[in-house]
Amino acid sequence: GFIHEDSGNIHLFLPSDGSKLTICNFKQKFIRPVHSLNAESRFKNKKFGTLMASKILRENEVITGYENSEIILWNWRKNEVLTTFPVPECGTIMSIATSLNNGPFVIVAGAENKIVVLKYDENHFTVIKEHEITNAGIGVLGLRPDVPILTCGGWDHRIRLFSFKYPEKLKPLAVLDFHSEAVESMAFSKRPLRTGICRGKTCTAAGSKDGKISIWTLYS
């Protein structure tokens, strides 16, 4: 799940039973459910399986990715499905990243060894790039806020960096080999750090199943 803030309101997006995404609002010391997006309630004759990933696209839009390799774009405030799109190249979807620069773009990855870049336009998605990596399994995707670089954490314990300046190319930049188990989380500093050994640099932090956190200052 994740936290999204808009107009002074703080919302918590978190997976719940099966294919359901629950959206809660923070009110003082209380957390109140305000919306519930359930794919299998909307599409009665289809099995989506477990909700595996979600990400905000634009202010009222959230993308959800499922065990059956499909994504759904919702207007979460209206509980309305805007469009659906299958991404079988990724297998079970594990992570989603989004970019509004010259887009919007959506990056999807999962249990297979492909990263798929989609462009959203006029209520439908178009595949503009598929990139195959060596080993299957991508647990986390992240776009840096300071420079157009896509960072991917793999089940093969490697971190891969791609240029996202031209999304249709997705040029590989580096492969970082530090962890001994799957990389499962990623975070980025929004501005250069003011103190410490990384002072003046922006950092990428990666968390792994091996219990370690690595911090990187590449391309900063």
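Observations
- Looking at Leu170, Leu218, just one residue is part of a loop (DSSP other than H, G, I, E, B), closer than 26 Å to Glu67 by Cα, in contact with a Leu (Cβ under 9 Å, 6 or more places away or on another chain) and not basic (Lys, Arg), and that residue is Leu170.
- The strands (runs of 3 or more DSSP E) falling completely within the stretch 104-149 that include 3 or more residues that are open to solvent by 40 Å² or more (accessible area, probe 1.4 Å) map to 114-121, 124-132.
- Of all residues in the stretch 184-213 being of a type in the set (A, V, I, L, M, F, W, C) and in a strand (DSSP E or B), the one that is nearest to Ile149 (Cα to Cα): Phe188
- Considering only residues in the stretch 83-103 that are assigned to a strand (DSSP E or B) and of a type in the set (S, T, N, Q), the one that is nearest to Lys165 (Cα to Cα) turns out to be Ser99.
- The residue of the stretch 203-220 that is most open to solvent (accessible area, probe 1.4 Å), among those that are modelled with pLDDT under 90 and within 18 Å of Leu141 (Cα to Cα), is Tyr219.
- Against the list (1) under 15 Å from the mean Cα position of the chain (by Cα); (2) not in a strand (DSSP E or B), the condition Lys165 fails is (1).
- Restricting the stretch 1-17 to residues that are of a type in the set (S, T, N, Q) and assigned to a loop (DSSP other than H, G, I, E, B) leaves a set whose member that is most open to solvent (accessible area, probe 1.4 Å) is Ser7.
- Exactly one residue among Leu118, Leu161 is touching a strand residue (DSSP E or B) at 6+ places or on another chain (Cβ under 9 Å) and closer than 30 Å to Ser36 by Cβ, and that residue is Leu118.
- Of all residues in the stretch 159-179, those satisfying the criterion of being open to solvent by 70 Å² or more (accessible area, probe 1.4 Å) and not aliphatic (A, V, I, L, M) are Lys165, Tyr166, Glu168, Lys169, Lys171, Pro172, Asp177, Phe178.
- Only one of Ser41, Ser99, Ser95 that is among the small types (Gly, Ala, Ser) and free of Cβ contacts under 8 Å to residues at least 24 places away in the same chain: Ser41
- Output for the stretch 151-177, where each listed residue is in contact (Cβ under 8 Å) with a residue 40 or more places away in the chain and acidic (Asp, Glu): Glu168
The values are calculated or read from the model by the stated rules, or taken from the named source; none is laboratory data. If you're wondering where the values come from, they're calculated on a predicted model, not measured in any experiment. Every residue, glycine among them, receives a Cβ derived from its backbone with ideal geometry; neighbour counts consider all protein chains shown. The accessibility values were calculated without ligands, DNA or RNA, using every heavy atom of the protein model including side chains. Shrake-Rupley method; radii C 1.70, N 1.55, O 1.52, S 1.80 Å.
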